[in-house]
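Take a look at the structure below.
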Amino acid sequence: MSEDSPPAAEEPDLPAAHGVPPSLPALFMAFARMSLAGFGGVLVFARRAIVDQHRWMTADEFNETFALCHFLPGPNIVNLSMVFGARLRGLAGGVAAFAGLLLPPTLIMTVLAVIYARFGDLDVLRRSLAGISCAAVGLLIAVVFRMMTPLFKRMDALAFILMLAVFIAIGVVRLPLQAVLLIAIPLSIGATFILRRKVAA
């Protein structure tokens with residue numbers, strides 16, 4: 001952070017990379033652009049806009065916020081829009097981000113649903129959708145690696161162990177998601193709390 005930047009204590013809820021919160025129209029437009037660009041999932045474009053483009057969050061803060069939203073009921077990216085908008089601009093900010101995220105694609109999907117209902121049996125359309133699904137998987141894998149970058153930089157062994165354990169439990173052993181989270185969340189919070197106390201001591 002430069003010497004001219006405001007001290008962190010003055011704006012505890014804002015990342016050091018950005019001292020002035022965006023306006024409500026700016027929040028709406030930012031999330032509207034994310035949703036319109038978000039072919040294959042908005043998460044890829046949300047991280048790029050929030051962390052890389054606007055610098056409203058650091059990479060670590062985005063990961064922590066997304067982790068919280070991932071453990072809440074409902075679509076992760078919708079939760080993220082509400083939590084992120086409310087963090088910067090209160091309830092009005094949450095509503096602005098939420099509206100920007102959902103309103104444009106809702107209007108587009110309404111039109112596309114009418115078109116699909118009429119032409120959905122065409123073979124060329126089915127092949128196009130299959131190709132789009134491959135691109136969506138690639139985008140998701142790319143953003144997962146980007147979100148793992150802070151962990152690699154910190155070389156946090158505990159985080160890697162917990163991440164691997166959850167992946168094996170859900171992806172390989174096929175244990176119920178709810179049961180895994182009931183164990184993984186308190187375990188990870190407790191382990192992190194103990195380790196940070198040791199470091200502080």
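Summary of values
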| read-out | value |
| --- | --- |
| Simple label model, 7 Å out from Cα along Cβ direction - Arg33 to Ile189, nm | 3.6 nm |
| Cα gyration tensor, the range 67-151 - rounded (a/c under 1.5), prolate or oblate | oblate |
| Charge dipole (the range 9-150, unit charges on Cβ, about Cα centre) - positive-most of His70, Leu129, Ala46 | Leu129 |
| Cα convex hull of the range 156-201, projected area averaged across orientations, nm² | 3.0 nm² |
| Prolate/oblate/rounded label for the range 9-150 (Cα gyration tensor, a/c 1.5) | prolate |
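Taken together, the values in this text are just the output of simple stated rules run on the coordinates, not laboratory data. The structure presented is a predicted model; accordingly, all values stated were derived computationally and were not measured. Please note: Cβ atoms are built from the backbone with ideal geometry, for glycine as well, and neighbour counts cover all protein chains shown.
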